Amino acid sequence: MPKSPDDLEALKEERAAADRAYNDALTRLDRAIQRLPADFPQPPPVPDEHQVTPLNTLWKIAAPPATGFRRGFIAGVRRAVAPLFEQQQAFNAALVDHVNRTVPVARETRASIDSTLTVLRDTIAELVRFQSLLVEFLQQVTPYVDTRDRDVAGLLRGLSGAINAVADEVLKRSEATLVRDRRHEMRVEALETALAALRDELAALQRRGRHDA
């Protein structure tokens, strides 16, 4: 059933509204594409190992040798402060050991943070790229659909033209057939008229013959 002008206008408005809604959604999606922040965090600085080597060489406390005439006094002082030296020596050893253990951990921690930030940066960059490609793909949907619509419209126009051509040919053949039929009818009518005239002449001749007899 053909569409009325009101139906066609309603379909046109519906299509325009759908196009506006699609374009608005596409605009919102384009604006929502993520971006790599300009202040993306950087890995922490490398651990400060400037004093590690001096600590490993200076942690031992060496008492001066007891020589000369003050040997006995120095030996007595050394025995008096020996517990303090031992305690300081133990503290120095523990501190150096702690520093030596902490440095590799700090190195690995920084390396881990650096690699994690790299993976995170690359992942966000790939996500941004995917979102951009998605928007580009969606931007091609409308032209693609319009192209398909034009193809279908072209096919329909071609089919309509073919149907019209066939209809014209059928009409021409029908008209030719009607003309031939009319000519045939005219010839039949002429023959029937001629036969009627012959029958009339024969009848007249028969009447004259009976009259002359």
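Taken together, the values in this text are just the output of simple stated rules run on the coordinates, not laboratory data. Keep in mind it's a predicted model, so treat the numbers as computed, not measured.
Fully extending the segment from A17 to S115 would add 30.4 nm, taking 0.36 nm per residue of separation and subtracting the current Cα-Cα distance. Length available on full extension from A194 to V46: 0.36 nm per residue minus the Cα-Cα distance, which gives 40.5 nm.
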